[in-house]
Structure formats: structure tokens, C-alpha cells
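Below is one structure, written out as C-alpha cells, with a few remarks after it.
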Amino acid sequence: MEITADSTIYELLKAKPESAEVLFKFGMGCVGCAIARGETIKEAAMAHGIPLDELVSALGISA
């Protein structure tokens, strides 16, 4: 499964557990958040005021 900005945080962490460190660097505590199962990476970036292009680049995924 390809991980993109439309994937959920849960899918990202399941496929790329090392992404947790990147999320923490952006101030996102998504690892323990109950919303992570249904919130997309794009939605999480918007909720945290993080530029999506910077986040996807740091995560090594496509927008």
C-alpha cells in the first residue's frame, strides 16, 4: 500500500513506524492520539498548522 497525504496517521505509522519521530519533530503527538485511526496526514497537518509540503517531504511520502 502506498502511503500518501490522504492516508491515515494509523496507516502511516503501521507502514513506517519510524515516522513517529518525524511527527514528534513537527510537534504532532499523533502516536497516542485516538483520532489518528481516522485522521489523514493532510487533515492532521491542517489541524496543527503545518505546511503539508514540508510534512510530506520529511516523511518521504507523496502529496
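The residues in the stretch 47-60 that are surrounded by fewer than 14 Cβ atoms within 10 Å (Cβ to Cβ) and either β-branched (Val, Ile, Thr) or assigned to a loop (DSSP other than H, G, I, E, B) (or both) can be counted, and the count is 3.
Going by the structure shown, is ALA63 touching a Cys at 6+ places or on another chain (Cβ under 8 Å), within 18 Å of THR4 (Cβ to Cβ) and touching a residue at least 12 places away in the same chain (Cβ under 8 Å)? Before the answer, list the steps.
Numbers: touching a Cys at 6+ places or on another chain (Cβ under 8 Å): no; within 18 Å of THR4 (Cβ to Cβ): yes; touching a residue at least 12 places away in the same chain (Cβ under 8 Å): yes.
Criteria not met by ALA63.
When the stretch 1-41 is filtered for residues that are surrounded by 15 or more Cβ atoms within 10 Å (Cβ to Cβ), touching a Ser or Thr at 6+ places or on another chain (Cβ under 7 Å) and of a type in the set (D, E, K, R), only GLU39 remains.
For the stretch 7-28, give me each residue that is assigned to a helix (DSSP H, G or I), among the charged types (D, E, K, R) and farther than 19 Å from ASP53 by Cβ. GLU11, LYS14, GLU21, listed by residue number.
So is ALA44 without any contact (Cβ under 8 Å) to a residue 12 or more places away in the chain, among the hydrophobic types (A, V, I, L, M, F, W, C) and buried (at least 16 other Cβ atoms within 10 Å of the Cβ) or not? No, not satisfied. Among the residues making up the stretch 29-44, those that are over 11 Å from ASP6 (Cα atoms) and assigned to a helix (DSSP H, G or I) are CYS30, VAL31, GLY32, ALA34, ILE35, ALA36, ARG37. Looking across the stretch 1-14, the residues that are modelled with pLDDT under 95 and either more than 10 Å from the chain's Cα centre (by Cα) or of a type in the set (D, E, K, R) (or both) come down to MET1, GLU2, GLU11, LYS14.
The values are calculated or read from the model by the stated rules, or taken from the named source; none is laboratory data. Keep in mind that this is a model prediction, so the values were computed, not measured. Backbone-built Cβ (ideal geometry, glycine too); neighbour counts: all protein chains shown.
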